[in-house]
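Data block below; observations after.
The values are calculated or read from the model by the stated rules, or taken from the named source; none is laboratory data. It should be emphasised that the depicted structure is a prediction, and the values quoted were computed from it without experimental measurement. Using ideal geometry, Cβ is built from the backbone for each residue, glycine included, and neighbour counts are taken over all protein chains shown. We work out accessible area using only protein heavy atoms, side chains counted, and drop any ligands, DNA or RNA first. Shrake-Rupley method; radii C 1.70, N 1.55, O 1.52, S 1.80 Å.
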Amino acid sequence: MNVHDSERMLGVLRQAGYARVDDPLKADLIVFNTCGIREKAEQKFYSLLGRTKTMKRDNPGLKVAVAGCIAQQQGAGVKERAPYVDYVIGPQNIDRVGDALLGRKGIFTGDNPELAQKDLPAERDGYVKAWVNVMYGCNNFCSYCIVPYTRGRERSRPADNILSEIKGLAAEGFKEITLLGQNVNSYRGELSFPELLRFINDIEGIERIRFVTSHPKDLEEGLIMAMRDLEKVCEHIHLPIQSGSDRVLKHMNRKYTFDEYLRKTEWLRKAIPDIAITTDIIAGFPGETGDDHKATVSALKEIGFDGIYAFKYSIRPMTRAAEMDGHLPDEVKSERLLEILSLQDQITGARNKALQDTIQEVLVEGPSESDPEKMTGRTRTNKIVNILPSHHVVSGMLLKVRILKGQRHSLEGVAINGL
Ligand code: 5AD
Ligand code: SF4
């Protein structure tokens, strides 16, 4: 979501007459698009921001804007801490980044319900895969999470706007669309989310449809059936569980039990046998006991996710969890996180190994970062595949690939032919 906000701001700035430069020393404007989900991102940001102070000394025309969740959360506080900052722009005000540069006013952090009604331009990275917003904000108030405070209330984009943007992307040659929302299952346009998927499925030129993120409490039959029946909707779901302990889930305000979550994964796997399920885990939530942690570990073993993102609990201002008793020492959180990550490494490795000798459909994205001789792409289940050198493999192609090796973080294979 945050990366795509940057693409939108770049689009808005281009319309306002700006062009992108590669070297920050040549820039007239530097925009920091910050993330506030955990404290570490915040520390990194402030140390980078400090460098622009000396840059401004050498280039007095330079303007510095701070955007994103830290901007929203700290508002004027950003300027107090770093007075050389010119603009503070919250995530609900990315459409104002152009205005800000006209020098109207320094701080743009108000509620902006019109954002969802607007069609903002975007300058996307690459030309194979595109992110498309379907909704903004979040109403869930999980007790650890800052997003409802920084991104505001849930607002759905009108289905017509979404569909016409995707038709435009198809005409430009994009092959894969990822629909973005904090909780796509609560999409409320003139169409339901599964209906929206059906319309996108009919757009010629689009080959793959993905969406993030689904909240387990709202995952319903309609979506599962749409995933099963619509050929372009990929067999992957990111379904954050956060913890395997009912007690912790309750304190997190997640509104499901482990059993309910488990039943939904069983249901998904029954309807869509090859589906990949990935998740998010928080290690060391306030009050998490050794037994709660064990429940998470056994949940990982029982469900067998294809991949996880796991994080140490991080205190966030304004959230309810920040006020709870039982905050754990960093060593305990680190130890639990390590156990979770190393267990999952084995599980992911085994699941990837099981794909050896299978044939997978891969959408080629470009040269591999680790080895530019190879091209890289993803399976429908969102697994990275590095393809052995072959002259006819180019970006944007849908290929059949025979998987030769299943490793911990990626697969390796050889192209059989174009699909
Ligand atoms: N501490 C640690 N992880 C967090 N997440 C959200 N808030 C916090 C926090 N305060 C994680 C959740 C969420 C993912 C996007 O970030 O796991 O699903
Ligand atoms: Fe945060 Fe929960 Fe909303 Fe996700 S659903 S953005 S974790 S409050």
Measuring with a 1.4 Å probe in the full set of protein chains, what accessible area per residue, in whole Å², belongs to region 199-274?
44
15 Å Cα-Cα reach of K374 towards aspartates and glutamates, excluding residues that sit fewer than 8 places from it in its own chain
E365, E412
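With r defined as the distance between the Cβ atoms of N59 and N2 and R0 fixed at 45 Å, what FRET efficiency is calculated, to the nearest 0.05? Spell out each step's value before the answer.
Details: r = 27 Å, r/R0 = 0.60.
My answer for the efficiency is 0.95.
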Placing each pseudo-label 7 Å from Cα in the direction of the beta carbon, Q117 and D22 end up separated by a distance in nanometres of 4.3
If you place +1 on the Cβ of every Lys and Arg, -1 on the Cβ of every Asp and Glu, and leave all else neutral, what size is the dipole of the chain about its Cα centre, to the nearest 20 Debye?
620
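Taking R0 as 41 Å, what FRET efficiency do you get between I359 and R153 from their Cβ-Cβ distance, rounded to the nearest 0.05? Can you show the working numbers first?
On the way: r = 45 Å, r/R0 = 1.11.
The formula returns an efficiency of 0.35 here.
At 0.36 nm per residue, minus the direct Cα-Cα distance, what do E190 and D218 gain on full extension? Give it in nm, one decimal, please. Intermediate values should be presented prior to the final figure.
Values: separation 28, 0.36 × 28 = 10.08 nm, distance 1.84 nm.
Fully extending the segment from E190 to D218 adds 8.2 nm.
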In whole percent, how big is the carbon plus sulfur part of the accessible area of the chain, probe 1.4 Å, protein atoms only?
50
Step through the residues of region 243-252 one at a time and calculate ³J(HN,Hα) from phi using the Karplus curve (6.51 cos²θ - 1.76 cosθ + 1.60, θ = phi - 60°), rounding each to whole Hz and writing x for Gly and Pro.
7, x, 9, 4, 5, 5, 4, 5, 5, 6
Would you kindly derive the ³J(HN,Hα) couplings of region 61-69 from the backbone phi angles with the Karplus curve 6.51 cos²θ - 1.76 cosθ + 1.60 (θ = phi - 60°), listing them in order in whole Hz, with x for Gly and Pro?
x, 5, 10, 10, 10, 10, 10, x, 5
27 Å Cα-Cα threshold exceeded, pairs from K26/K175; K167/K217; K250/K301; K270/K383:
K26/K175; K167/K217
What is the distance, in nm, between label points placed 7 Å from the Cα along the Cα-to-Cβ direction at D371 and at D125?
2.3
Pairwise centroid distance, computed over Cα atoms, of region 387-419 with region 246-305, Å
33
Cα centroid of region 16-35 to Cα centroid of region 86-155, whole Å:
18
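Accessible area per residue of region 359-418 at 1.4 Å probe, in Å²?
Working: 2950 Å² over 60 residues.
Accessible surface, normalised per residue, equals 49 Å².
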Remind me, relative contact order of region 269-354 in percent, using alpha carbon pairs under 8 angstrom and six or more residues apart?
39
Taking the Cα centroid of region 314-353 and of region 157-179, what is the distance between the two, rounded to the nearest whole Å?
36
Put a dot 7 Å past each Cα toward the Cβ at K405 and S298; how far apart are the dots in nm?
3.7
Just to verify a number: FRET efficiency for V394 and D325, C-beta to C-beta distance, R0 = 56 Å, to 0.05?
0.45
